[in-house]
Amino acid sequence: MTRFQRTPTPGSHAAIAASVIAVLLADLYTPLGMLAWVFYFLPVVFTYFVWQPALPLAVAGTVSVLTVLGYLFSPPGLDPWTSMLNRGFGVVMAWALGSIGHQFVRNKIAIRKQEWLQSGQTALSDRMAGDVTLPVLGERVLTFLAEYLEAQAGAIFLKEGASRVRRFATYGVPLDASVPECVEPGDGLLGAALKDGRIAKVEGVPEGYLTVGSSLGRGRPLHLLIAPFVVDGTVEAVVELGFFQPISEADQELLARVSESVAVAVRSANYRGRLHGLLEETQRQAEELQAQSEELRTANEELQEQSQALQLSQTRLEAQQAELEQTNAQLEEQAQALELQRDELARAKAALERHAADLRQASRYKSEFLANMSHELRTPLNASLILARVLADNAGGNLTEEQVKQARTIETAGNDLLALINDVLDLAKVEAGRMEAHPEPVGLAGFIGQLVRTFQVVAEEKGLRLSFHLADEAPPTIETDPKRLDQVLKNLLSNAIKFTEQGEVELAVRREPDGRIAFSVRDTGIGIAEDQQTTIFEPFCQADGAVNRKYGGTGLGLSISRELVRLLGGEIRLSSAVGRGSTFTVVVPPVYDRAAPIRRTPLLDQTGVPAASAPPPKLATRSADDREQLPGSRRVVLIVEDDEPFARILYDLAHERSFHALIASHGDEAVALATQYAPCAVLLDIGLPDHSGLSVLDQLKRDARTRHIPVHVISSHDYHDTALALGAVGFLLKPVRREQLIEAFRTLETGLAHQVRRVLVVEDDPVQLDTVSRLLASDRVEVVGVGTAAECLARLESASFDCMVLDLNLPDASGFTVLETISRDDRYPFPPVIVHTGRDLEPEEEQALRKYSTSIIVKGARSAERLLDEATLFLHKVESGLPPQQAAFQQVRSRSAALEGRHILIVEDDVRNIYAVSSVLEPQGAVIHIARNGREALDALRQASLPGSQPIDVVLMDLMMPEMDGLTAIREIRMRPEWQKLPIITLTAKAMRQDQEASLAAGANDYLAKPIDVDKLLSLIRVWMPR
Amino acid sequence: MRTAPAQRGDVELRLLLDALYETYQYDFRGYSMASLKRRLSHALERFGCPSFSVLQHKLLHDASVLPRLLEYLTVTVSEMFRDPGFFRTLRQDVVPHLKTYPSIKVWVAGCSTGEELYSLAILFREEGLEARTTFYATDINPDSLKRAEAGVYELDRMALFTDNHRRSGARCSLSDYYTAAYDAAVFDKTLRRRTVFSDHSLVSDSVFAEIQLISCRNVLIYFDRPLQDRAIGLFHEALVRNGFLGLGAKETLRFSRYAPAFAEFAPRERIYRKGGDR
């Protein structure tokens, strides 16, 4: 049975049979000659409409037999012979009709088959038309074929690319059925079809073959058809179809007919796919080219902009140059003028110096002369005084009244002369610097009372009121030289009484705001004219020549007073107006300071009234210096000097020697600057406004941060031994010559240059040791080489090194042991270590080393370069101090109980982060465990959860790690019930929200973004640390 | 007010990029505009969208558009041992320096489909450094990363790769490292044993390790200046002192803010070295 034979309508065969039987019965009952049998032709013609080619012949045969039977059994009628003849014709007719029918049906069926095949081909071509991709093509071809051929199951395999044949679609096959993905030529039936290009048919398919499935069940097709699609001798596709019904010739023929067109379609789809791929590739390449060219264009534009900017700046520079040339010319002129002036000044200075020297000489001569003279004068004067006294006493009674009076006059004159000589002597002594103060505590009330009592009588004689006033705020005692103070005040009081005709004289003691003690002697006497107020302090000068005659006196008293007060570290001031009296004020420090320099304070207040206060010490003033422009310069010198001009001289000199200079004008500032800027040298004056330079020197030498700074002392007082004892490197006594200063700077410079750095090289191979030593040694680097660990330890104990280069293989101990010993034993200082090793390190070894050393160098072609580089880095501290990240970590130092003794597992492959994180956590008392990837983390956790070992409290998990990444590790951890609650914090360099969500989804408790914020890390750990 | 179509296109493009960032956290806003525009125009054709706004709508409502769009946004052109001179210089001049480190980390930033990574892995194996090296291959396109991890390339590209490999100064054949099957070549799995593949964005993410060598070739060309500066800043932070940075043949550090922090190591091959004093 084929699809082209119309299925007979159920009644058609019966109808034919019925009509045959009806005709037979009619024939049997009618007598011969009745042509009933003619109706036998009807069933024969009926068979034409039943599409079975054999049926007309069969019916014709039947009808022939029946016609004969009818002849034999029909009742007699017509002449049997005629009847037989008729029936004979009838039989012939029946056969003729039968064979015609047979031919007709067969032709009809053949035509239908052709139609079927052609419509199949056309429909398939339509399905395959258009721009379809391989999967779509496969799907369409298979569906079509299965439906058209009425197959129940199918699979199609198309050739993809050059040789591979891959399954693209299935039909009616359940999803879980095992259908091969690819087919190799020669592999099974499909492979055979692929290889031979022939259609294969399988009847009675065995178990385990392509199955058909629906929701109600599944079954196995009985017949199998495997057809390759071939063009130009190559198989482009294979289809396998399964049927329940037997496979017809037409099916095979259809497959054979469409073979080429399907193959062509597959091939062209392949071509199209490749073309498409190539097009996209080309587009992408074009894109990259374009992006590159854009980048180039941008670069080009930038270059152009830069060149324009350059041109601009060049024009500007040219203009500047012209301007500079102009200013240069001017400067030159000015320089010449200055040179002239300088020469002149130098000449004038030389003349002045000569004069000054002459003057000093003369002054000395004068003082010496005076001292000698006084002595020489006093000796004879003494004799004449005694004799005059003897005469005046007139013991013999042989002198007249007049003569006694004359003798008395001689004695008085002699006494005056003696007082004068004493004064002159005092003055000379003071001026020659030969007078010394002997400080002792002085009770002010007693001292003043005593003083006033001495003058009470004299004042009363003259009818003057003499009073004294001791202010409440004045201290009860001061420390000064009472003899000198008494001398001064007596002088002032006697002057006041002497020059006052009527009114009062008052002695008042009070405290100045700056803490010094002021003794004021006020009178209501004649006063002193303004123009004479300065001169009266000069020796042998009095306010008025006439005064001398009227009031007598040597005129030396005030000069001596002034010098004495200076000696006491104080000053004397005057305010006065003619006819209104005068006020002399003596100001002395409450405690006599031996180191204090002698002040030359102005004698007059600007206002002309008694001074209320002395000028406060110059604490606030600050000289302009280089502190704003110290670009990390190592050549910085600190100048401590309150005398501004001299400080300037030192400042300029420092610049001349290409130092940067800082200027401090008092002690506290000096110490602060030295600590802040760590200058390479200090030039220190001793006499400073706030406290002595010696105490500055002491402070500098006591502070570890400033101890190493060389200090050169320049002072007007000779503290040579004290300064050197305190640690100064040199001492200069003011006044200093320029050459001396330059010499001092040179000393400081050579000191700087000789800051030799020391490197310890530990290396057992003598050749290597020599090479490394040569490499590192320079005039500023001293290399000490040792060959054994013991030697290394001995060296470290006995001397300090700035850097250490360590080989790991030593004859007596390994480098690891050495490092461990150094780090554990406090006897050894721990300089920065560079590990220089010849062998490759295991990751564990590297980890262990990283604890002690930040740079590990494996010996090789380029290792020398890196060694030199790293060593230079340590020796000169190019990167000053710690890197910011580490510095930040150092701030967190406080030990919190939350982490004390807790076990934290850090899972991280980056050594830098491990180091950073553990350096934060270890000071907090946490015990750190390290794993370098997820797998190691799991091992570590397993290890820690064994009985007898400490369990891990918190896990810090990096996400990007080799072997097993963080997320996988977390998932693995969470799979174990005993680790469900283990706190895990992930560390991620990613900023995206999803990543954070991903770590939470994987089972982490929290996350922290890199770079790690120390405070956040600590607080997170505290939050998650189980209580 | 009427806006010129070109201007409107720019606005739409910016909105699209904003939408992409807000929804999927892929930040392309710092990429060079001209290049993005061209690539997205291709995408418009492919998705059959008349304008960026329509594409935006599609993107917001259909997550499956994202991977296909990413293909257009990230340019995945690469070849193995591209610019053989670069690799020759790595071999001759950079490797001796790297040999002084006990453990080495290499970062292939923007690894795309992995050609660069396999080139470096092969080079490091040939130079005997593989055992102590960890490679980090990062990209923002998960699809590219998957392909990089698979290490499968079309067979017809192998001729070019092999030629490049030979010219990079190799001592053996590239075919030692792959197996050809059908029309594809599969690279030796052990080559990626020491590699961490990870999604990492130079736009938003930060440094994850201390690196000795960074290769970021033909990536910066798609960035605008501020983004380039950010990326180079990341590299600067990640590199150890005297670490190496390799850029593409048309890329330069000259105009970057970080230019003074790097020294030219091999100017022709665009290999830079992080300076020691900053």
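The values are calculated or read from the model by the stated rules, or taken from the named source; none is laboratory data. Since we're looking at a predicted model, the values are computed, not measured. Ideal geometry is used to build each Cβ from the backbone, glycine not excepted, and the neighbour counts take in all protein chains shown.
Give me the residue from the stretch B:185-201 that is within 11 Å of chain A (Cβ to nearest Cβ) and of a type outside the set (Val, Ile, Thr) and, out of that set, surrounded by the fewest Cβ atoms within 10 Å (Cβ to Cβ). So that I can check it myself, show each step before the final result.
Filtering the stretch B:185-201 for residues within 11 Å of chain A (Cβ to nearest Cβ) gives B:192-201.
Keeping just the survivors that are of a type outside the set (Val, Ile, Thr) gives B:192-194, B:197-201.
Working: B:ARG192: 20, B:ARG193: 12, B:ARG194: 18, B:PHE197: 22, B:SER198: 20, B:ASP199: 17, B:HIS200: 28, B:SER201: 20.
It comes out as B:ARG193.
Would you check which residues across the stretch A:991-1023 are acidic (Asp, Glu), exposed (fewer than 14 other Cβ atoms within 10 Å of the Cβ) and under 22 Å from B:SER201 (Cα atoms) and list them? If you could, list the steps in order and put the result at the bottom.
Let us first name the residues in the stretch A:991-1023 that are acidic (Asp, Glu), namely A:995, A:997, A:1006, A:1013, A:1015.
Applying the additional criterion that residues be exposed (fewer than 14 other Cβ atoms within 10 Å of the Cβ) yields A:997, A:1013, A:1015.
Of everything in the stretch A:991-1023, those that are acidic (Asp, Glu), exposed (fewer than 14 other Cβ atoms within 10 Å of the Cβ) and under 22 Å from B:SER201 (Cα atoms) turn out to be A:GLU997, A:ASP1013.
Name the single residue that is farthest from A:ALA848 (Cα to Cα) among those in the stretch A:917-935 being within 14 Å of chain B (Cβ to nearest Cβ), out of contact with any helix residue (DSSP H, G or I) (no Cβ under 6 Å at 6 or more places or on another chain) and not β-branched (Val, Ile, Thr). Walk me through it before giving the result.
From the stretch A:917-935, those within 14 Å of chain B (Cβ to nearest Cβ) are A:917, A:932-935; that's our starting set.
Imposing the further condition that a residue be out of contact with any helix residue (DSSP H, G or I) (no Cβ under 6 Å at 6 or more places or on another chain) reduces the set to A:917, A:932-933, A:935.
Filter once more, so that each one left must be not β-branched (Val, Ile, Thr): A:932-933, A:935.
Working: A:ARG932: 13, A:ASN933: 17, A:ARG935: 20 Å.
The qualifying residue farthest from A:ALA848 (Cα to Cα) is A:ARG935.
Go through the stretch A:839-854 and give me each residue that's more than 9 Å from every other protein chain (Cβ to nearest Cβ), surrounded by 14 or more Cβ atoms within 10 Å (Cβ to Cβ) and either over 17 Å from A:THR821 (Cβ atoms) or touching a Cys at 6+ places or on another chain (Cβ under 8 Å) (or both).
Selection gives A:GLN847, A:ARG850, A:THR854.
Given the criterion at pLDDT below 90 and assigned to a strand (DSSP E or B), identify the matching residue among B:ALA180, B:ALA170. Walk me through how you get there before you give the answer.
On the way: B:ALA170 fails: assigned to a strand (DSSP E or B).
Just one listed residue meets the conditions, B:ALA180.
Which residues, taken from the stretch A:151-186, are within 14 Å of another protein chain (Cβ to nearest Cβ) and among the charged types (D, E, K, R)?
A:LYS159, A:GLU160, A:ARG164, A:ARG166, A:GLU181, A:GLU184
So, restricting to helices (runs of 4 or more DSSP H) that lie completely within the stretch A:958-1027, which ones have at least 1 residues that are within 13 Å of chain B (Cβ to nearest Cβ)? Let's see the steps before the verdict.
Numbers: elements: A:966-975, A:993-1002, A:1014-1024.
Those helices (runs of 4 or more DSSP H) span A:966-975, A:993-1002.
With the requirement that a residue be away from chain A (no Cβ under 14 Å) and under 17 Å from the mean Cα position of the chain (by Cα), what does the stretch B:48-83 give you?
Within the stretch B:48-83, B:MET80, B:PHE81 meet the criteria.
Which one is nearest to the other protein chains (Cβ to nearest Cβ) among residues in the stretch B:227-254 that are under 10 Å from B:ILE211 (Cβ atoms) and part of a strand (DSSP E or B)?
B:VAL240
If you check every pair at least six apart or on different chains, which have Cβ atoms under 7 Å apart with a residue in the stretch A:457-479 that is without any contact (Cβ under 8 Å) to a residue 60 or more places away in the chain first and a residue that is of a type in the set (Ser, Thr, Tyr) and surrounded by 13 or more Cβ atoms within 10 Å (Cβ to Cβ) second?
A:LEU464/A:THR500
Among the residues of the stretch A:408-429, which ones are of a type outside the set (D, E, K, R) and either in contact with a Lys or Arg (Cβ under 8 Å, 6 or more places away or on another chain) or part of a loop (DSSP other than H, G, I, E, B) (or both)? Can you show your working first?
Filtering the stretch A:408-429 down to residues of a type outside the set (D, E, K, R) leaves A:409-410, A:412-415, A:417-422, A:424-425, A:427-428.
A:LEU418, A:ILE421, A:ALA428 - these are the residues of the stretch A:408-429 that are of a type outside the set (D, E, K, R) and either in contact with a Lys or Arg (Cβ under 8 Å, 6 or more places away or on another chain) or part of a loop (DSSP other than H, G, I, E, B) (or both).
Please state which one of A:ALA286, A:ALA319, A:ALA309 is loosely packed, with under 12 Cβ neighbours inside 10 Å, among the hydrophobic types (A, V, I, L, M, F, W, C), under 44 Å from the mean Cα position of the chain (by Cα) and within 14 Å of chain B (Cβ to nearest Cβ).
Values: A:ALA286 fails: loosely packed, with under 12 Cβ neighbours inside 10 Å; A:ALA319 fails: within 14 Å of chain B (Cβ to nearest Cβ).
On inspection, the qualifying residue turns out to be A:ALA309.
I'd like to check which helices (runs of 4 or more DSSP H) are fully inside the stretch B:19-91 and have at least 1 residues that are under 19 Å from B:GLU115 (Cα atoms).
Details: elements: B:33-47, B:52-61, B:65-73, B:84-89.
Those helices (runs of 4 or more DSSP H) span B:65-73, B:84-89.
Tell me, please, whether a residue that is basic (Lys, Arg), under 20 Å from A:ASP965 (Cα atoms), touching a residue at least 12 places away in the same chain (Cβ under 8 Å) and within 11 Å of another protein chain (Cβ to nearest Cβ) can be found in the stretch B:129-139. Walk me through how you get there before you give the answer.
Going through the stretch B:129-139, the residues basic (Lys, Arg) turn out to be B:132.
So of that shortlist, the ones also under 20 Å from A:ASP965 (Cα atoms) come out as B:132.
Next cut, touching a residue at least 12 places away in the same chain (Cβ under 8 Å) only: B:132.
Retained after the next criterion (residues that are within 11 Å of another protein chain (Cβ to nearest Cβ)): B:132.
Yes, the stretch B:129-139 contains a residue that is basic (Lys, Arg), under 20 Å from A:ASP965 (Cα atoms), touching a residue at least 12 places away in the same chain (Cβ under 8 Å) and within 11 Å of another protein chain (Cβ to nearest Cβ).
For residues that are surrounded by fewer than 19 Cβ atoms within 10 Å (Cβ to Cβ) and touching a residue at least 24 places away in the same chain (Cβ under 8 Å), scanning just the stretch B:47-62, find the one that is nearest to B:SER215 (Cα to Cα). Spell out how you get there, then give the answer.
Here is the first cut: in the stretch B:47-62, the residues surrounded by fewer than 19 Cβ atoms within 10 Å (Cβ to Cβ) are B:47-51, B:53-54, B:57-58, B:60-62.
Narrowing further to those that are touching a residue at least 24 places away in the same chain (Cβ under 8 Å): B:51, B:53, B:60.
Details: B:SER51: 36, B:SER53: 36, B:LEU60: 34 Å.
Step by step, filter the stretch B:47-62, then rank; the result is B:LEU60.
Out of everything in the stretch B:84-120 that is within 13 Å of chain A (Cβ to nearest Cβ) and small (Gly, Ala, Ser), what residue ends up being farthest from B:ILE232 (Cα to Cα)?
Here the answer is B:SER103.
Since A:TRP37 meets every condition but one in (1) over 25 Å from A:ALA110 (Cα atoms); (2) without any contact (Cβ under 8 Å) to a residue 40 or more places away in the chain, which condition does it not meet?
The one condition A:TRP37 does not meet is (2).
Restricting to the stretch A:484-528, name every residue that is of a type in the set (Gly, Ala, Ser) and either surrounded by 15 or more Cβ atoms within 10 Å (Cβ to Cβ) or within 24 Å of A:GLN456 (Cβ to Cβ) (or both). Walk me through how you get there before you give the answer.
Going residue by residue through the stretch A:484-528, those that are of a type in the set (Gly, Ala, Ser) are A:494, A:496, A:503, A:508, A:515, A:518, A:520, A:525, A:527.
Selection gives A:SER494, A:ALA496, A:GLY503, A:ALA508, A:ALA518, A:SER520, A:GLY525, A:GLY527.
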